[in-house]
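Rule-based calculations on the coordinates, nothing more; no lab input. This one's a predicted model, so the numbers in the text were calculated from it and none came from an experiment. Here the Cβ is made from the backbone with ideal geometry for all residues, glycine too, and neighbour counts use every protein chain on show.
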Amino acid sequence: MPASSPNPILVADKLTITFPDGNGGLHALNDVSFHVQVREFVAVLGPSGSGKSTLLRIIAGLIAPTHGNYTFASGQSPRIGMVFQQANLMPWRTVIQNIMLPLELQGMNAAEARTHAQDLIELVGLQGFEDNWPRDLSGGMAQRVAIARALIHDPDLLLLDEPFGSLDALTRERMWMELSRIWQARRKTVIMVTHSIEEALFLSDRVLVLTQRPGNVKLDLKVDLPRPRKDEMRYTAHFGKLAGKLKDAIG
Amino acid sequence: MDSNSLLKLRQTYNRTRRWLGLVSLAAGLLAWWLAALYGGLPAFILPSPSDVWTRFLRALVSGELARHTGATLLEVLLGLFFGTTFAIILGYILAKSRVLEQILSPYLVASQAVPLVAIAPLLVLWFGPGIFSKILIVGLIVFFPVLVNTVFGIRAVPPAYYDLMRSLRASRRQILHHLEIPAALPIFFGGLRIGATLSVIGAVVGELVGANTGLGVLINISRGTFDTPMVFVAVFTLIVLALCLYGIVAWMERKFLIWQEHISNN
Ligand SMILES: Nc1ncnc2c1ncn2[C@@H]1O[C@H](COP(=O)(O)OP(=O)(O)OP(=O)(O)O)[C@@H](O)[C@H]1O
Ligand SMILES: [Mg+2]
């Protein structure tokens with residue numbers, strides 16, 4: 001168990017999930033416990049198949065754990081913005097209409113939603129593509145639309161599943177900066193799954209490392225690098241030491 | 001080749017194709033004309049195009065053609081409307097409930113095995129020669145393709161989109177409106193296109209069995225009086241009717257499915 005913490009927004013207690021697979025079940029997560037503080041940025045690392053996406057899906061309320069439970073501080077589930085491992089854009093909506101979706105679901109009228117969406121279009125650098133169909137976008141562009149869509153309704157909790165996985169290095173680093181900025185400005189709580197140690201260290205306050213399946217928290221590492229984080233930081237000794245710890249834990 | 005000249009090439013190709021279609025139609029008409037002129041067949045077996053045209057004009061002026069066409073059109077539209085509406089409602093329910101689908105599927109499959117042409121006389125006997133029995137026949141014939149395609153359309157919605165909608169706490173109604181309907185439309189339209197074509201057949205079958213007005217009745221009467229040009233007129237009117245319906249569905253499809261690649265490229 002992690003040490004009890006001052007102001008958790010989310011407490012996960014012994015989350016365990018077994019998927020039915022016809023022979024005894026596929027044990028994906030085992031006794032996963034952790035706290036997430038309000039406005040904390042938590043990264044989740046772990047080998048492929050360790051249940052990272054599954055963990056996010058449980059927290060988002062999309063699937064129920066077999067055992068264990070999770071509670072939100074507010075007592076009710078917070079507003080969630082989720083970026084899935086695949087962009088999941090609706091092909092019958094244009095770029096800007098896809099970004100507007102969460103606002104429309106909240107009942108905002110289209111004109112107002114469009115103005116908000118326009119800001120996010122600029123944020124993710126897709127000016128000029130507002131009225132394109134998703135089929136015209138590259139993988140990286142589609143993922144940026146998905147990120148904009150996850151941010152537009154000002155969620156309390158951002159759940160990001162490898163959001164920058166399909167971006168080129170340059171765009172990815174620009175998105176790191178943007179995400180840091182948004183996180184600082186709007187003070188969101190973020191849980192982000194990633195495969196990149198560098199990305200985890202650059203963005204997060206804490207890194208959870210999951211073990212091989214069934215996933216279990218192997219390491220809960222505090223990232224005590226000063227903010228705002230700068231590019232040069234990646235070449236410091238302390239960054240190297242933290243990266244080494246994570247590398248060892250992932251194995 | 002740059003994309004501009006590629007586009008031009010495609011336009012030329014499309015234009016040529018349309019032009020070829022017209023030529024082929026004209027050739028067919030000419031062949032018919034020649035066969036009627038030199039085939040040695042009496043006019044009540046094979047009337048010439050000009051006989052048919054004259055008969056068409058006469059029927060148009062007398063209002064006879066409009067009356068029968070109107071009756072058939074009304075049956076077709078009402079049958080399409082009710083058949084499609086019930087098929088969509090039941091299709092949605094079946095798509096959502098496997099249990100109900102299993103309970104109802106033997107009836108649905110059996111109903112499909114019944115040749116509608118064979119039970120049309122029964123329906124006319126039960127419900128009379130008026131418009132109701134025709135609407136019923138059209139509705140029944142339209143029902144199944146639309147039902148099946150509605151079920152498949154809803155089932156084909158990728159689960160990932162449900163996850164997205166649920167992560168945004170969308171209500172059932174919002175999921176229906178923003179996800180299921182648009183996602184199911186392409187497959188649904190496939191069913192509607194078949195239904196629209198079948199609907200005309202259904203109406204004519206009903207009218208041939210027993211009715212007071214309609215193009216099927218017109219065919220029966222004209223055949224009885226050896227007014228073969230009028231039979232031709234009625235048949236051509238039916239073809240035009242079916243093509244118009246098909247065209248309307250195709251037009252709606254283009255309008256609603258503009259986001260699909262093969263549609264906006266055409
Ligand atoms: N709905 C499901 N039904 C059955 N098995 C599932 C389901 N979802 C996930 N799994 C299984 O659970 C395990 C963990 O999957 P998950 O997608 O959470 O892994 P991951 O850590 O996100 O992997 P990756 O890094 O490759 O994305 C995998 O073995 C997967 O096959
Ligand atoms: Mg995953």
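Of the residues in the range B:230-246, not one is out of contact with any helix residue (DSSP H, G or I) (no Cβ under 9 Å at 6 or more places or on another chain), on the phi > 0 side of the Ramachandran plot and more than 14 Å from chain A (Cβ to nearest Cβ).
If you go through the range A:1-8 one residue at a time, do you hit one that is surrounded by 21 or more Cβ atoms within 10 Å (Cβ to Cβ) and either under 25 Å from A:TRP176 (Cα atoms) or within 16 Å of ligand 2 (Cβ to nearest atom) (or both)? Within the range A:1-8, none of the residues are surrounded by 21 or more Cβ atoms within 10 Å (Cβ to Cβ) and either under 25 Å from A:TRP176 (Cα atoms) or within 16 Å of ligand 2 (Cβ to nearest atom) (or both). All conditions in (1) surrounded by 19 or more Cβ atoms within 10 Å (Cβ to Cβ); (2) farther than 19 Å from A:THR189 by Cα; (3) more than 10 Å from every other protein chain (Cβ to nearest Cβ) hold for A:GLU40, with the sole exception of (2). When A:ILE96, A:ILE80 are checked against the criterion of being facing chain B (nearest Cβ under 8 Å) and either in contact with a strand residue (DSSP E or B) (Cβ under 6 Å, 6 or more places away or on another chain) or surrounded by fewer than 21 Cβ atoms within 10 Å (Cβ to Cβ) (or both), A:ILE80 stands alone in meeting it. With respect to the conditions (1) surrounded by fewer than 18 Cβ atoms within 10 Å (Cβ to Cβ); (2) in contact with a Leu (Cβ under 6 Å, 6 or more places away or on another chain); (3) part of a helix (DSSP H, G or I), A:LEU242 falls short on a single one, namely (1). Taking B:VAL23, is it over 20 Å from B:VAL205 (Cβ atoms) and loosely packed, with under 15 Cβ neighbours inside 10 Å? Criteria met by B:VAL23. Restricting attention to the range A:29-55, the residues being within 10 Å of ligand 1 (Cβ to nearest atom) and either in contact with a Lys or Arg (Cβ under 6 Å, 6 or more places away or on another chain) or of a type outside the set (Gly, Ala, Ser) (or both) number 10. Applying the condition of being among the hydroxyl-bearing types (Ser, Thr, Tyr), away from chain B (no Cβ under 11 Å) and more than 16 Å from ligand 1 (Cβ to nearest atom) to the range A:66-77 and asking which residue is surrounded by the fewest Cβ atoms within 10 Å (Cβ to Cβ) yields A:SER74. For A:GLY165, the conditions (1) part of a helix (DSSP H, G or I); (2) away from chain B (no Cβ under 12 Å) all hold with the exception of (1).
Condition (residue is within 14 Å of another protein chain (Cβ to nearest Cβ) and farther than 25 Å from B:ALA36 by Cα) applied to the range B:211-225: is it met by at least one residue? No, the range B:211-225 contains no residue that is within 14 Å of another protein chain (Cβ to nearest Cβ) and farther than 25 Å from B:ALA36 by Cα. Being under 19 Å from the mean Cα position of the chain (by Cα) and within 14 Å of ligand 1 (Cβ to nearest atom) holds for only one residue in A:ILE80, A:ILE9, A:ILE58, and it is A:ILE58. Cβ-Cβ contacts under 9 Å between residues 6 or more apart (or on different chains), taken from a first residue in the range A:210-235 that is closer than 18 Å to A:ALA28 by Cα to a second residue that is of a type in the set (Lys, Arg) and within 16 Å of ligand 2 (Cβ to nearest atom), are listed as A:LEU210/A:LYS52; A:GLY215/A:LYS52. Of the set (1) in contact with a helix residue (DSSP H, G or I) (Cβ under 7 Å, 6 or more places away or on another chain); (2) without any contact (Cβ under 8 Å) to a residue 24 or more places away in the chain, all apply to B:GLY214 but (2). Of all residue pairs spaced 6 or more apart or on separate chains, those with beta-carbon atoms under 6 Å, a first member in the range A:45-65 that is within 12 Å of another protein chain (Cβ to nearest Cβ) and among the basic types (Lys, Arg) and a second member that is in a loop (DSSP other than H, G, I, E, B) and more than 6 Å from ligand 1 (Cβ to nearest atom) are A:ARG57/A:ILE63. For the range A:202-226, a tally of residues being within 16 Å of ligand 1 (Cβ to nearest atom) and not in a loop (DSSP other than H, G, I, E, B) returns 8. For the range A:185-201, residues that are outside any strand (DSSP E or B) and away from ligand 2 (no atom under 14 Å from the Cβ) total 9. The criterion of at least 3 residues that are within 14 Å of chain A (Cβ to nearest Cβ) and crowded, with 17+ Cβ neighbours inside 10 Å is met by the following helices (runs of 4 or more DSSP H) wholly inside the range B:114-192: B:159-167.
For the range B:179-199, state whether one or more residues are more than 22 Å from B:GLU75 (Cβ to Cβ), out of contact with any strand residue (DSSP E or B) (no Cβ under 6 Å at 6 or more places or on another chain) and basic (Lys, Arg). Within the range B:179-199 (the criterion being more than 22 Å from B:GLU75 (Cβ to Cβ), out of contact with any strand residue (DSSP E or B) (no Cβ under 6 Å at 6 or more places or on another chain) and basic (Lys, Arg)), the answer is no, since none of the residues qualifies. When each of A:ALA146, A:ALA113 is tested for being more than 10 Å from chain B (Cβ to nearest Cβ), crowded, with 19+ Cβ neighbours inside 10 Å and within 24 Å of B:GLU180 (Cα to Cα), the lone residue that passes is A:ALA113.
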